[in-house]
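Since the structure comes first, as structure tokens, the remarks are kept for the end.
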């Protein structure tokens, strides 16, 4: 490829809309252009990288017995009605009607399509286990698409579905797939990706892992134990919390707190640490619109994923009204309308005495609340993990919180979809049984962007050799110079014949512009041909990451020597 | 791949819904499954073939300087408003609104997306010419999807867009692309595909060619001259029609024709050849709902594509009403309300005398109509070509009509999209100019199905080696036999190591079932290992098309000899 004809301008300035490094470099280097919110065109360099990532994924999926298929992007609504997701998934599922009025949707994930296919084609136990996968366009009507290719509405995803006759076999294959994922991330140049336990969310099922690239700008939070290696997504992480020092029991006593409705106000008013207070958080149940109250220690926050799992429904923020029968700002466990309002207590309150809480009346709190005297049936885990907590596994070290980008996920779905969609097979014994499933996803574009987050300098991406858009970038400084052009063209020709993909900068622009553009394209090996070099009877060969730089004397076999050098560095 | 785990049942019976051979074999052989009308999942064999076809297309596009990109499937309505197609394209364009109420659509072709990209990235003449292409999912909400992968709603298409500074350069590149298309069809195994001139339809532009596979079951009609090679799609084809023998002028005379409203009735009533009558055909203009009348010789049919071009709007069938002021069944050029109703005359009527026509009054016709006395300003080409006509180029031979399947098309779009979307570049002279475009499409799934139409026998597809899902198919007859299994597994292993993709039939089923399934998978080379063969100290190697069959004696190097044989046949 000659850069003079490559489509995709390089911007001089950092794009103002870019919040992430990857977003900025993808725009600046002419990799992507936005067509609508969260919808991008991939330009040639990004398309080439995506192809290489896809090929690595394909090889690893094939290596664990995957069969590649292609499901439709547009799916009939009936399929999603069978699984129950036509109703249960929110407006991120894009629904529409076709010309005949049929309800259709854009696939955001393909469990239904996979079961639809497998239930007619795998009716005997002899076919099991098997895994099918596709690499296909998906659409998710995200309310807040952002970060370039990190959170988009339209994206290419590898999604795989495995089918099994029993849990043991699913466990076995799930582990095989987890290992394949590790190899994929290694091969695309992200060996630092870790797997963490995660929430199953709208996918259903029981066991799930996310693959996380630790990264300051990541939007997920991961809890890590530096001692034993425990790791989990914030949504499912737990931690061991130190109880308050026991200060004995004090008699309960009402205290007037006129107009003081928040924790900070109370802290000042009573000069009390937050951990000595009982916080209440109220949500609205999405299923029936009723309020649900969570009590927890005042220094902690509600983990909404945990709260959602406890309540068994999506939760929405609640705007309090008089009809609720709750004294908003003064809600507490003493005198709470337990018979009327659903309530959960966090473990952090268990056994705590001498706490401050709302009195369930306007402008009044109660001091000396003793949890052990209250009618609490059960304490649950509702609080967000923080760095004051100890690892729940080894109990030895404080938990570290890190930001990360989710670059893949795997789920044990069990029989959620197969049972709902009435998929069965005939077992050895002639009986009809329901198979169970796993599913395994990787977003190609997000992975591409994540590689930039992990591998760049101030000037652009530094592409790992295995996924680089081109392998060699020839800068022909002063291309109009006859000797430069001849040498550059010879190298361009011979290096391509030697099997490298090569970008040639054949423009009559300054060395500064050529180098800046080469940095933005991030090609691993760079060859510099210039009048100055040629005068000294040599050319320069460097790596994009600056780890290697050599000057090679000219000669008939110079292209061969360049090839050998680059192979030595990268292969 | 082992057939025991391959997903995709083989049906015993011919699928009743299949109208085309390709449709039937794709269902019967487990290549595709319908998910909704005109929407299919590709199973592993079809996906593998599609991948190989795509790779051939990609190589040929890259070879003529194409830059691969990826446009979105979901496009914003505004882009199509810019080009005017948001309004002008019918309900085959699937429109919907996203969660924020924005008008979106599913891309059925990507001229708008290509211009949207190119207009910001190609602002200097120095970038020109260039061609960008993608291989991507498209959606076209066809009213009548049918024929399996031949006419679907969702499909994978390679669409390419070239941009040029002048017509000469577009002509040059258009020809280069036409040649690349020829190579693509050659390489996928359809050397018999021909290019024919075609209508530009909703794409706009002036010059267009379709690539046609001649095929009895094709839904397109192509006009060919056996003498000079003239070829054109029926929609644009012309022909030379012999005039009626001159029988002189006869006085015009009214004739009562009570209740005789059609040509056949008149033919019987007057014992007159159809060519001596004037036929009228009435359509409704889509743009304003008014009637438009076409007169042509009674033995000819209206070509709707030609009629549409003349009228400058889509045409719909008209249900006549009294308000039209037309005597339906008795419409003729004498006494026609020329001042009120739009009318066109076909060339076939020019100079004709002594014709029979409707008198524009109920139950009355006129004999002896002389066209030369009527106020006809212009005769146009409205009639369908038929085999009575002579070639319009050489005039020597009668035209042949053949059925065909369109497997690709190329268009010179001129400035239709670039002007509408205000795309400009700065030319050498510093002036802002509008570039012109060509576009070039191939449907991958339709091409796959077309190969079956061209290459099959009674038992299944016969895949050309270059696109076959696997290259070698080992039938291990009585796999449970120790010696058979050992030999089959050895060949399976060694042939894969030798670089072949191999399907192994490892099931304990009869030879008949194995051979029938192998025929349906259509793999070019077949190796048969059976107790009977082994007893005779040999294995069999055959081609799917029965052109070759050999028996090879066993021995340490038998896999090598099989590989050599197959390479000799196919490479």
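Numbers below:
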{"quantity": "Antiparallel content of DSSP bridges confined to the stretch A:253-377, in %, to 5", "calculated": "80"}
{"quantity": "16 Å reach of a label modelled at residue A:2, 7 Å along Cα-to-Cβ, counting backbone N of the stretch A:447-486", "calculated": "A:474-486"}
{"quantity": "On Cα atoms only, tilt of A:511-521 relative to the major axis of chain A in degrees", "calculated": "50"}
{"quantity": "Label geometry 7 Å along the beta-carbon vector: residue A:497 inter-copy distances in nm", "calculated": "3.3"}
{"quantity": "Nearest 10 degrees, 0 to 90: helix A:558-570 Cα axis against chain A principal axis", "calculated": "20"}
{"quantity": "Other protein chain Cβ atoms within 10 Å, averaged over every residue that makes up B:114-121", "calculated": "3"}
{"quantity": "Ratio of the Cα radius of gyration of the stretch B:22-120 to 2.2 N^0.38 Å, where N counts its residues", "calculated": "1.38"}
{"quantity": "Normalised contact order of the stretch A:470-570, rounded percent, pairs of Cα under 8 Å and 6 or more residues apart", "calculated": "30"}
{"quantity": "Efficiency of FRET between residue B:314 and residue B:434 - r from beta-carbon atoms, R0 25 angstrom, step 0.05", "calculated": "0.35"}
{"quantity": "Share of Cα-Cα pairs in the stretch B:470-570 lying beyond 22 Å, as whole percent", "calculated": "18"}
{"quantity": "Calculated label separations, residue B:512, copies of the chain, 7 Å along the beta-carbon direction, nm", "calculated": "8.2"}
{"quantity": "Protection proxy ranking of A:19-31, B:278-290 - average other beta-carbon atoms within 10 Å, highest first", "calculated": "A:19-31, B:278-290"}
{"quantity": "Of all DSSP beta bridges in the stretch A:422-571, antiparallel share, percent nearest 5", "calculated": "60"}
{"quantity": "Percent of C-alpha pairs per 10 Å bin, the stretch B:253-380, short to long", "calculated": "13, 47, 35, 6, 0"}
{"quantity": "Length-normalised contact order of the stretch B:253-380 in % [C-alpha pairs under 8 Å, at least 6 apart]", "calculated": "29"}
{"quantity": "Partner chain coverage, peptide A:272-280 - average Cβ within 10 angstrom", "calculated": "0"}
{"quantity": "Cβ-vector label at 7 Å, residue A:4, separations to other copies in nm", "calculated": "6.1"}
{"quantity": "Inter-label distance for residue B:339 and residue A:554, nm, one decimal - labels placed 7 Å from Cα along Cα-to-Cβ", "calculated": "8.8"}
{"quantity": "Mean ellipticity per residue at 222 nm, deg cm²/dmol - from DSSP H runs of n ≥ 4 across chain A, formula -39500 (n - 2.57)", "calculated": "-8000 deg cm²/dmol"}
{"quantity": "Relative contact order (percent, whole number), the stretch A:502-546, Cα cutoff 8 Å, 6+ residue spacing", "calculated": "33"}
{"quantity": "Other protein chain Cβ atoms within 10 Å, averaged over every residue that makes up A:94-105", "calculated": "4"}
{"quantity": "Rounded FRET efficiency, nearest 0.05, which uses the C-beta distance separating residue B:255 from residue B:398 and R0 of 35 Å", "calculated": "0.55"}
{"quantity": "Of every Cα-Cα pair in the stretch B:334-385, the percent that sits beyond 19 Å", "calculated": "30"}
{"quantity": "Fraction in percent of alpha-carbon pairs per bin - 5 Å, the stretch B:346-456", "calculated": "2, 8, 8, 9, 9, 11, 11, 9, 10, 10, 8, 2, 1, 0, 0"}
{"quantity": "Span from the the stretch B:227-255 Cα centroid across to the the stretch A:251-327 one, whole angstrom", "calculated": "89"}
{"quantity": "Identity and axial distance of the chain B residue whose Cβ lies nearest the axis relating B to A, Å", "calculated": "B:96, 2"}
{"quantity": "Estimated D of chain B in µm² per second, where Rh is the Kirkwood radius over Cα pairs and Stokes-Einstein applies at 25 °C, 0.890 mPa s", "calculated": "89"}
{"quantity": "Descending semi-axes in whole angstrom, ellipsoid equivalent of the protein assembly as shown, from the Cα gyration tensor", "calculated": "61, 41, 35"}
{"quantity": "Percent of beta bridges antiparallel (DSSP, the protein assembly as shown, rounded to nearest 5)", "calculated": "80"}
{"quantity": "C-alpha long axis of helix A:482-497 to longest principal axis of chain A, angle in °", "calculated": "60"}
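Each value in this text was obtained by applying a stated rule to the coordinates, not by laboratory testing. Here the structure is a predicted model, which is why all the values come from computation and not from measurement. Virtual Cβ from ideal backbone geometry, glycine too; neighbours counted across all protein chains shown.
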